[in-house]
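Everything below concerns the one structure shown next.
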Amino acid sequence: MKVLVLGGDGFCGWPCAVNLADAGHDVVIVDNLSRRKIDIDLEVESLTPITTINERLRAWEQVGGKAMRFVHLDIAHEYDRLLSLLRSERPEAVVHFAEQRAAPYSMKSSATKRYTVDNNVNGTHNLLAAIVESGLDVHIVHLGTMGVYGYGSHRGATIPEGYLTVEVPQADGSRFTEKILHPTDPGSVYHMTKTLDQLLFFYYNKNDSIRVTDLHQGIVWGTNTALTDKDPRLTNRFDYDGDYGTVLNRFLMQAAIGYPLTVHGTGGQTRAFIHIRDSVRCVQLALEHPPTCGEKVKIFNQMTESHQVGQLAQKVADLTGAEIRFQANPRKEAIENDLIVDNRCFIELGLQPTTLDDGLLAEVVSVARRWADRCDRSRIPCLSAWTTRQAEALRTHA
Ligand SMILES: NC(=O)c1ccc[n+]([C@@H]2O[C@H](COP(=O)([O-])OP(=O)(O)OC[C@H]3O[C@@H](n4cnc5c(N)ncnc54)[C@H](O)[C@@H]3O)[C@@H](O)[C@H]2O)c1
């Protein structure tokens, strides 16, 4: 199948692209390399040394991989080029990773809030409008987030895969049931853009019968897959800084370099997780099981397990002997939350979840130890505060 991988130079996109090429698909990576530019602006680098996109592609061919092509294009601002690309490539599917994906970065300043909204919402809308204008029947597989459901209390209810059946009371006392998009409760500007994406998909699916699979992904941990491990030039990025590093990879990296594990607040926050190998597999499964024409947006919860952040820190501490340090929470969020998630769609398609206990935690620690000298410790703390109140708490507890 011909597939465009938008954002295919990023942390989730790169291993996904090589996996699809390895499975025999004809892959074109589309990326504006904005993630690499943000690293330059923030004066921080991936813990693992990553090669340029063209060197990655050369190395992939040299290890015997099916050739992939690269198109440098900004999907949020180069609409005409995006439309021409769709017309010339005529892909059967587009995997859409091309968004600004860090909640802390989105909350740094009004400039990063506006950039995140502009980039993410325009990018998704341009893609949808261009598919309609091209007249092609293209299946979009989009990477969304579990954060669209919100991290408040769900009062023990299981979060369904995108749609909630509700009972609506009528004035005459009768009731009817309806399946609606699960209400959204974004916790940052970044998460808000993902909830807006959902509405864009809902509308274009209803109006233009665009086929969409929206993957509500948990926090991705790990770094490489068997394919990106084949050659050092294929190595995937490993973000550890306070803006882009995600919680579990940060704990593992902190343990590796002897830095106390940075637990925000009480550590009672519960989040959903998925290993990068499973993330890659899920995208392939979603691509190979597209919705039919006229089917409403398919929504999958792309996660394999939920954990409380404090318990995760304890698990990493038990494994490595690391110290835990509780810190003021830069985020405005519930002190504790429950998160019980239905993820049957992928399990029924054959996903065999990789769990935290599979020895992969130790593997990430050893990757981090190998590159410890590339770490800039001053970039580890999360300094991006959600409100002035959180900023004040960070200053007081610094
Ligand atoms: N990493 C996670 O833990 C995680 C969890 C849940 C969901 N997701 C979602 O998965 C997707 C990919 O995340 P990631 O971790 O790989 O992020 P990433 O920042 O590493 O990759 C995103 C890629 O998209 C590119 N990009 C951004 N805007 C673009 C534009 N306008 N035009 C073209 N390319 C553009 C970037 O240059 C980058 O290569 C995101 O949409 C993210 O919200 C990620």
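The values are calculated or read from the model by the stated rules, or taken from the named source; none is laboratory data. Source: prediction; values computed, not measured. Please note: Cβ atoms are built from the backbone with ideal geometry, for glycine as well, and neighbour counts cover all protein chains shown. To get the accessible areas, we keep the full protein, side chains included, count just its heavy atoms, and leave off ligands, DNA and RNA. Shrake-Rupley method; radii C 1.70, N 1.55, O 1.52, S 1.80 Å.
Here segment 244-329 is described by how far its Cα atoms reach on the three principal axes: 53, 22, 21 Å, from widest to narrowest. With bins 5 Å wide beginning at 0, the percent of Cα pairs of segment 236-294 falling in each bin runs 4, 13, 18, 19, 15, 10, 9, 6, 4, 2, 1. Which of 195, 235, 292 moves most in a GNM of the chain, Cα contacts under 10 Å? Of 195, 235, 292, the most mobile in the Gaussian network model is 292.
Give me the Å³ per residue figure for the convex hull around the C-alpha atoms of segment 26-176. Present the calculation step by step, with values, prior to reporting the outcome.
Working: hull volume 32.7 nm³, N = 151.
For segment 26-176, the hull spanned by Cα atoms encloses 217 Å³ per residue.
Only four residue types carry charge here, +1 at the Cβ of Lys and Arg and -1 at the Cβ of Asp and Glu. Report the dipole size of segment 1-70 about the Cα centre in Debye, rounded to the nearest 20. Don't skip to the answer; put the middle values down first.
On the way: 8 positive and 10 negative charges, 56 e Å.
Rounded to the nearest 20 debye, it is 260 debye.
Taking other residues whose beta carbon is less than 15 angstrom from the beta carbon of residue 340, and scoring Lys, Arg as +1 and Asp, Glu as -1, yields -2.
How charged is the neighbourhood of residue 142? Take every other residue with its Cβ under 11 Å from the Cβ of residue 142, and add Lys/Arg as +1 and Asp/Glu as -1.
Taking every other residue near residue 142 into account, the sum is -1.
Under a 10 Å cutoff between Cα atoms, tell me which one of 336, 92, 167 has the largest fluctuation in the Gaussian network model of the chain. Highest fluctuation of the listed residues: 167. Modelled spin-label separation between residue 376 and residue 388, with each label point placed 7 Å from Cα along the Cα-to-Cβ direction: 2.9 nm. Taking the square roots of five times each eigenvalue of the Cα gyration tensor of segment 117-198, the equivalent ellipsoid has semi-axes of 30, 19, 11 Å, listed largest first. Compute the distribution of all C-alpha to C-alpha distances in segment 94-238, in bins of 10 Å from 0, and list the percent of pairs in each, rounded to whole numbers. Bins of 10 Å from zero give 10, 31, 31, 21, 5, 1, 0 percent of pairs. Modelled this way, with points 7 Å down the Cα-to-C-beta line, the labels at residue 84 and residue 175 are 5.7 nm from one another.
The listed peptides 198-211, 273-286, 4-17, ordered by packing as a protection proxy, come out as 4-17, 273-286, 198-211 (highest mean of other Cβ atoms within 10 Å first).
Write down the accessible area per residue of segment 46-160 in Å², having rolled a 1.4 Å probe over the full set of protein chains.
On the way: 4560 Å² over 115 residues.
That works out to 40 Å² for each residue.
Ignoring ligands, DNA and RNA, what accessible area per residue does segment 268-363 give at 1.4 Å, in Å²? Each step should come with its number before you reach the end.
Values: 4320 Å² over 96 residues.
On a per-residue basis, 45 Å².
With contributions of -39500 (n - 2.57) from each DSSP H run of at least four residues, the per-residue ellipticity at 222 nm computed over the chain stands at -11500 deg cm²/dmol. Label positions at residue 349 and residue 208, each projected 7 Å from the Cα along the C-beta direction, are separated by 2.3 nm. Judged by the mean number of other Cβ atoms found within 10 Å, the most tightly packed of the peptides 128-140, 51-63 leads the ranking 128-140, 51-63.
If you take the Cα Rg of segment 194-241 and divide it by 2.2 N^0.38 Å, with N the number of residues, what do you get?
Values: Rg = 17.0 Å, N = 48, 2.2 N^0.38 = 9.6 Å.
That ratio works out to 1.77.
Of the solvent-accessible surface of the chain, computed with a 1.4 Å probe and all protein chains present, 50% belongs to carbon and sulfur.
Based on the reciprocal of the average 1/r between different C-alpha atoms, the Kirkwood radius for the chain equals 21.6 Å.
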